[in-house]
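The values are calculated or read from the model by the stated rules, or taken from the named source; none is laboratory data. As the structure is a prediction and not an experimental result, all values here were calculated from the model. Counting neighbours? That spans all protein chains shown, and the Cβs are built from the backbone with ideal geometry, glycine included.
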């Protein structure tokens, strides 16, 4: 955690969320610190064992954002979920490789 979070909007960022138990524990701590709202973001949303529903029902959670690196069936999606495509980033990396340009510059 960076800085004072009391009465602030917080973004929880993780590389992967599977069952979500660690994120739920963190959100309990954040609520104890009196945050205003919570947005969850991860690169790989595995969301096993009902995690997506459980996370979306947590108090203060406004949005859950993940990439489409792991397919999430339509029937398991929740209204708070936003899935972002990695296709533009992959296409740009392939273009740079093809043209002999720096791929690492994408991440600078």
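Restricting attention to segment 73-101, report how many residues are closer than 19 Å to residue 23 by Cβ and part of a loop (DSSP other than H, G, I, E, B).
Looking only at that region, the number is 4.
Is there a residue in segment 56-63 that is within 28 Å of residue 2 (Cα to Cα), surrounded by 17 or more Cβ atoms within 10 Å (Cβ to Cβ) and in contact with a helix residue (DSSP H, G or I) (Cβ under 9 Å, 6 or more places away or on another chain)?
yes
Kindly list the number of the only condition in (1) surrounded by 13 or more Cβ atoms within 10 Å (Cβ to Cβ); (2) over 19 Å from residue 11 (Cβ atoms); (3) out of contact with any helix residue (DSSP H, G or I) (no Cβ under 7 Å at 6 or more places or on another chain) that fails for residue 98.
(1)
Do we have any residue at all in segment 38-48 that's modelled with pLDDT of 95 or more and either surrounded by fewer than 13 Cβ atoms within 10 Å (Cβ to Cβ) or out of contact with any strand residue (DSSP E or B) (no Cβ under 8 Å at 6 or more places or on another chain) (or both)?
Taking segment 38-48 as the starting set, the residues that turn out to be modelled with pLDDT of 95 or more are 38-48.
This time we only want the ones that are either surrounded by fewer than 13 Cβ atoms within 10 Å (Cβ to Cβ) or out of contact with any strand residue (DSSP E or B) (no Cβ under 8 Å at 6 or more places or on another chain) (or both), so: 48.
Checked against the condition, which is being modelled with pLDDT of 95 or more and either surrounded by fewer than 13 Cβ atoms within 10 Å (Cβ to Cβ) or out of contact with any strand residue (DSSP E or B) (no Cβ under 8 Å at 6 or more places or on another chain) (or both), segment 38-48 yields at least one hit.
Count, please, the residues in segment 24-73 that happen to be free of Cβ contacts under 8 Å to residues at least 40 places away in the same chain and more than 12 Å from residue 10 (Cβ to Cβ).
So the answer is 31.
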